[in-house]
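Peer 1: Mind having a look at this structure? Questions to follow.
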Amino acid sequence: MKRSFVIPVIDFSPHSPYNIETLLSDLEAVEGEVVCIFNSGDVFGRLADHPRIDKFCYNKLNAGVSRSWNIGINLCEGEAVHILNSDLHLGPAAVRQLEEYLFSLPKAVIVGPHGSHLDFPNLKVRRYFSKGTFSRPVRTHDVSGFFFCLHRKRFLEHKLCFDVRYSPCFMEEWDMGLQVLAAGLACYAVPVTDFEHHWGISGSHENAAVNYFGRTVYRDQVLAANRKKFLGKWFSQSFEKTEKVLAGSGKEHPLCVSAS
């Protein structure tokens, strides 16, 4: 089976002991094409000729998370597409296990080691499944974006695509979760542990500045704006089918598999 790795990268992850160079070193032990989406000239200049990178796209300006994921997926040829944060430390077992779950769980299109049961209309997490907190696959409303694997054939056949209106970041994971539900497919959090990750802007409480397409935007303002976009897209009065999608899966969590 062919596999692909998609890695958006904008810097050398100053918040973490791991970065794109350590991740590329991790991937020397794993087969599969590596596709880098460079959103920084500095990083591109240093790594464009790296022997472990098979394909790349260089964006002169930071294109944001959704666009970077879409570009990477469109460049891939693998049946399993692993989306990796550049600050991830990855072991070979995690790659194999994600693929085993992806191709064996019912209707799976996206699997990852972290995911959530969500209260969508109130924009709240009801339960978060993270590394070491559960021991069986759990059908979830979303999968965390720092590390996940998607079934490329199902993803493309059902015309799934990360919505670039949430650029540069935030809410794209929840939006994809509802796209998956609407397509009759499933996301799963799965008990994979052979990785390490330190949260960056997603887990920060600081109103960090983000350079997006050459202009400065701020974390808190982007998050607030994208929450409004999400509610407007999925929970406006004109979008009645959203409630049908959620109601059709059960009163509690629509797709819940018991976890311990």
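Peer 1: Do we have any residue at all in the stretch 12-33 that's within 20 Å of Cys161 (Cα to Cα), β-branched (Val, Ile, Thr), in contact with a helix residue (DSSP H, G or I) (Cβ under 7 Å, 6 or more places away or on another chain) and crowded, with 23+ Cβ neighbours inside 10 Å? Please lay out each step first, then the result.
Peer 2: The first filter runs over the stretch 12-33 and keeps only residues within 20 Å of Cys161 (Cα to Cα), leaving none.
Checking the stretch 12-33: not a single residue is within 20 Å of Cys161 (Cα to Cα), β-branched (Val, Ile, Thr), in contact with a helix residue (DSSP H, G or I) (Cβ under 7 Å, 6 or more places away or on another chain) and crowded, with 23+ Cβ neighbours inside 10 Å.
Peer 1: Hand me the list of strands (runs of 3 or more DSSP E) wholly inside the stretch 1-117 holding 1 or more residues that are among the polar types (S, T, N, Q) and either in contact with a Cys (Cβ under 8 Å, 6 or more places away or on another chain) or under 21 Å from Val190 (Cα atoms) (or both). Show your work before the answer.
Peer 2: On the way: elements: 3-9, 33-38, 55-58, 80-84, 88-90, 108-112.
Qualifying strands (runs of 3 or more DSSP E): 3-9.
Peer 1: Also: Among Ala209, Ala189, Ala183, Ala224, which is surrounded by 17 or more Cβ atoms within 10 Å (Cβ to Cβ) and farther than 17 Å from Cys149 by Cα? Quick ask: steps written out before the conclusion?
Peer 2: Values: Ala209 fails: surrounded by 17 or more Cβ atoms within 10 Å (Cβ to Cβ); Ala189 fails: farther than 17 Å from Cys149 by Cα; Ala224 fails: surrounded by 17 or more Cβ atoms within 10 Å (Cβ to Cβ).
Testing whether each residue is surrounded by 17 or more Cβ atoms within 10 Å (Cβ to Cβ) and farther than 17 Å from Cys149 by Cα leaves just Ala183.
Peer 1: Only residues that are among the aliphatic types (A, V, I, L, M) and within 24 Å of Cys169 (Cβ to Cβ): list them for the stretch 28-58, please. Full working, then the answer.
Peer 2: Taking the stretch 28-58 as the starting set, the residues that turn out to be among the aliphatic types (A, V, I, L, M) are 29-30, 34-35, 37, 43, 47-48, 53.
Those that are among the aliphatic types (A, V, I, L, M) and within 24 Å of Cys169 (Cβ to Cβ): Val34, Val35, Ile37, Val43, Leu47, Ile53.
Read-outs: derived from the displayed coordinates by stated rules, not from any lab. Everything numeric here is computed off the predicted structure, so don't read it as measured data. A quick note on method: Cβ atoms are made from the backbone with ideal geometry, for glycine too, and the neighbour counts reach across all protein chains shown.
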